[in-house]
1. Quick check, is G32 crowded, with 17+ Cβ neighbours inside 10 Å and either within 11 Å of the ligand (Cβ to nearest atom) or among the basic types (K, R) (or both)?
2. Which numbered condition in (1) at pLDDT below 95; (2) outside any loop (DSSP other than H, G, I, E, B) is the only one that R99 fails?
3. Out of the residues in the stretch 70-103 that are under 12 Å from the mean Cα position of the chain (by Cα) and closer than 15 Å to M52 by Cβ, which is surrounded by the most Cβ atoms within 10 Å (Cβ to Cβ)?
4. Restricting the first residue to the stretch 77-100 and requiring it to be within 13 Å of the ligand (Cβ to nearest atom), which pairs with a second residue that is among the hydroxyl-bearing types (S, T, Y) meet a Cβ separation below 6 Å and a spacing of at least six or different chains?
5. Scan the stretch 143-197 for residues that are under 14 Å from V108 (Cα atoms) and among the hydrophobic types (A, V, I, L, M, F, W, C) and jot them down.
6. Tell me whether the stretch 109-120 contains one or more residues that are out of contact with any strand residue (DSSP E or B) (no Cβ under 8 Å at 6 or more places or on another chain), closer than 30 Å to A37 by Cα and not in a helix (DSSP H, G or I).
7. Within the stretch 171-194, can one find any residue that is over 20 Å from A36 (Cβ atoms) and of a type in the set (S, T, Y)?
8. So, D146, is that one modelled with pLDDT under 95 and either surrounded by 14 or more Cβ atoms within 10 Å (Cβ to Cβ) or of a type in the set (D, E) (or both) or not?
Amino acid sequence: MASNEPLTSICVYCGSSDNGPEAHRRIARELGQLMAAQGIRLVYGGGRAGVMGAIADAVLDSGGEVDGIIPDFLMDREHGHRGITRLEVVPTMHVRKARMAELADAFVILPGGLGTLEELFEIVTWRQLGLHDKPIVAINPDGHWDHLAHLLSQLVETGYARPEITALISFFKSAEAALTALAVHTDIRAQLEADYP
Ligand code: AMP
């Protein structure tokens, strides 16, 4: 994304399982519909099941664009989604994560499991190291991420992390609030870069 351009793509990390609460797939669909309405492309892991499949289908059904990045060995296990705008099959998990990160202007974490957590921690720690400065938000509709937020506070309290880490990721209850926060962040950064080139 050029510095003064609006948000054009968001990478969404979320669960690949269909076994989570229906409410999580519902909020994924809400996010997908909002993204498509705002012309924001979805970048995600390329699967057809779970929360991942729910958001991809919602973006497509609402006329939006979807880029999926999936490693070869997961095409069967995660039901690689052949109906999306662009499905990129890559050799490894590391290439997948790098491609997802480079294609997106911002990151949203929806409810998910271990894989979602791994992706979340990588992108948050990369931001802590200054490897990127793209905004990161988590959608926490029903307390799914409460323990994670608590863990982050505890890392600060015990001195293993600086208080600034709480600014690396923000938590929101709704898809709409999360998207608004990303848009505001992008606008402020563009304004700062215009004022202090
Ligand atoms: P899960 O939250 O466990 O359902 O996984 C969500 C997504 O994260 C799936 O597409 C997984 O393939 C992916 N994933 C699982 N393990 C990892 C990992 N170590 N690194 C990156 N992504 C992963």
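The values are calculated or read from the model by the stated rules, or taken from the named source; none is laboratory data. In this text the structure is predicted, and so the values were computed from the model without any measurement. With ideal geometry, Cβ positions are generated from the backbone for all residues, glycine too; neighbour counts draw on all protein chains shown.
1. Numbers: crowded, with 17+ Cβ neighbours inside 10 Å: yes; either within 11 Å of the ligand (Cβ to nearest atom) or among the basic types (K, R) (or both): no.
Judged against the criteria, G32 is not a match.
2. Checking R99 against (1) at pLDDT below 95; (2) outside any loop (DSSP other than H, G, I, E, B), the one that fails is (1).
3. M100
4. E78/S16
5. Matches in the stretch 143-197: W145, L168, I169, F171, F172, A175, A177, A178, L179, A181, L182, A183.
6. Yes, the stretch 109-120 has at least one match.
7. no
8. Answer is no for this residue.
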